Amino acid sequence: AQSVTQPDIHITVSEGASLELRCNYSYGATPYLFWYVQSPGQGLQLLLKYFSGDTLVQGIKGFEAEFKRSQSSFNLRKPSVHWSDAAEYFCAVDTNDYKLSFGAGTTVTVRA
Amino acid sequence: SQTIHQWPATLVQPVGSPLSLECTVEGTSNPNLYWYRQAAGRGLQLLFYSVGIGQISSEVPQNLSASRPQDRQFILSSKKLLLSDSGFYLCAYLPRGAGKETQYFGPGTRLLVL
């Protein structure tokens with residue numbers, strides 16, 4: 001069975017600093033990969049997704065992610081965070097059966 | 001445009017009481033529909049999914065059930081709530097017919113069982 005690991009439970013970053021959230025997956029082939037963001041008390045919003053092609057994908061709100069097959073990783077990055085980026089971030093994989101497996105999430109706190 | 005609704009937004013129920021959460025989707029036909037639960041401090045767990053009216057697959061054994069009486073309506077139910085049923089319930093849909101698409105999530109229902 002596939003699994004998704006987000007090693008960092010909580011990250012604190014200063015406003016204007018760069019952010020990187022880690023995601024590793026366990027699956028025999030290349031799955032479809034997603035990053036979602038959840039603001040407090042809200043549903044999930046899709047940030048970006050990777051299906052195939054260019055391994056560096058651009059998303060909304062200035063986020064990007066890079067798929068690295070050799071490391072089974074799909075890390076999320078943002079060059080300069082804003083206070084509004086404080087939220088919980090989830091990595092998810094779909095192994096071609098239209099069901100998502102989620103990581104446990106990483107909570108991002110932004111300090112002034 | 002496609003939208004997804006969930007209600008109620010918040011619910012406080014006593015242990016042993018019944019439950020009915022509703023999810024409806026607009027702007028798409030014959031979507032896959034999903035119920036997820038997010039317990040406090042934990043990730044999302046897929047509870048049920050449906051590929052069509054009356055077709056329900058359960059992912060984990062539990063106290064809950066799901067039904068899809070109409071194409072764009074998905075209901076999560078329980079006859080008797082347990083304390084462990086507390087959590088944030090999210091409905092999602094996957095549009096059909098466009099290849100490998102994306103699941104879109106509703107605003108969620110926060111359930112507190114006391």
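The values are calculated or read from the model by the stated rules, or taken from the named source; none is laboratory data. Every value quoted in this text rests on a predicted model; they were computed, and no experiment measured them. Positions of Cβ are generated from backbone atoms using ideal geometry, with glycine treated the same way; all protein chains shown enter the neighbour counts. For accessibility, only protein heavy atoms count, side chains too; no ligands or nucleic acids. Shrake-Rupley method; radii C 1.70, N 1.55, O 1.52, S 1.80 Å.
Any residue in the stretch A:19-35 that is without any contact (Cβ under 8 Å) to a residue 24 or more places away in the chain and not aromatic (Phe, Trp, Tyr)?
Looking for residues that are without any contact (Cβ under 8 Å) to a residue 24 or more places away in the chain and not aromatic (Phe, Trp, Tyr), one finds at least one in the stretch A:19-35, hence yes.
If you go through the stretch A:44-101, how many residues are under 10 Å from the mean Cα position of the chain (by Cα) and aromatic (Phe, Trp, Tyr)?
Number satisfying all stated conditions: 4.
Please enumerate the residues belonging to the stretch B:33-51 that are closer than 19 Å to B:Glu101 by Cβ and either at the interface with another protein chain (Cβ under 9 Å from one of its Cβ atoms) or exposed (fewer than 13 other Cβ atoms within 10 Å of the Cβ) (or both).
B:Tyr34, B:Tyr36, B:Leu44, B:Leu46, B:Tyr49, B:Val51
Take A:Tyr25 and decide whether it is within 16 Å of A:Asn75 (Cβ to Cβ) and of a type in the set (Ser, Thr, Tyr).
Yes: the conditions hold for A:Tyr25.
Which of the residues that make up the stretch B:55-72 are modelled with pLDDT under 95, exposed (fewer than 15 other Cβ atoms within 10 Å of the Cβ) and away from every other protein chain (no Cβ under 14 Å)?
B:Pro61, B:Asn63, listed by residue number.
Starting from the stretch A:53-80, take each residue that is basic (Lys, Arg) and list its partners that are open to solvent by less than 50 Å² (accessible area, probe 1.4 Å) and modelled with pLDDT under 95, counting only C-beta distances under 9 angstrom and pairs at least six apart or across chains.
A:Arg69/A:Thr30
Starting from the stretch B:67-88, take each residue that is free of Cβ contacts under 8 Å to residues at least 40 places away in the same chain and list its partners that are open to solvent by less than 10 Å² (accessible area, probe 1.4 Å) and outside any helix (DSSP H, G or I), counting only C-beta distances under 7 angstrom and pairs at least six apart or across chains.
Close Cβ pairs satisfying both conditions: B:Arg68/B:Leu33; B:Arg68/B:Ser50; B:Arg68/B:Phe74.
Yes or no: the stretch A:28-49 includes at least one residue that is within 14 Å of another protein chain (Cβ to nearest Cβ) and in contact with a His (Cβ under 9 Å, 6 or more places away or on another chain).
no
Restricting attention to the stretch B:11-61, report how many residues are assigned to a loop (DSSP other than H, G, I, E, B), at negative phi and either without any contact (Cβ under 8 Å) to a residue 60 or more places away in the chain or not small (Gly, Ala, Ser) (or both). So that I can check it myself, show each step before the final result.
Initially, the stretch B:11-61 is screened for residues assigned to a loop (DSSP other than H, G, I, E, B), giving B:14-18, B:27-31, B:39-43, B:53-54, B:59-61.
Filter again for at negative phi, leaving B:14-15, B:17-18, B:28-29, B:31, B:39-40, B:42-43, B:53, B:59-61.
Keeping just the survivors that are either without any contact (Cβ under 8 Å) to a residue 60 or more places away in the chain or not small (Gly, Ala, Ser) (or both) gives B:14-15, B:18, B:28, B:31, B:39-40, B:42-43, B:53, B:59-61.
Looking only at that region, the number is 13.
How many residues are at the interface with chain B (Cβ under 9 Å from one of its Cβ atoms) and part of a loop (DSSP other than H, G, I, E, B) if we restrict to the stretch A:85-106?
Residues that pass the stated criteria total 6.
Are there strands (runs of 3 or more DSSP E) fully within the stretch A:1-84 with at least 3 residues that are touching a Phe, Trp or Tyr at 6+ places or on another chain (Cβ under 8 Å) and open to solvent by less than 60 Å² (accessible area, probe 1.4 Å)? List them. Reasoning before the result, please.
Working: elements: A:3-5, A:10-14, A:19-21, A:24-26, A:32-38, A:44-50, A:56-58, A:64-68, A:73-78.
Strands (runs of 3 or more DSSP E) meeting the threshold: A:32-38, A:44-50, A:64-68, A:73-78.
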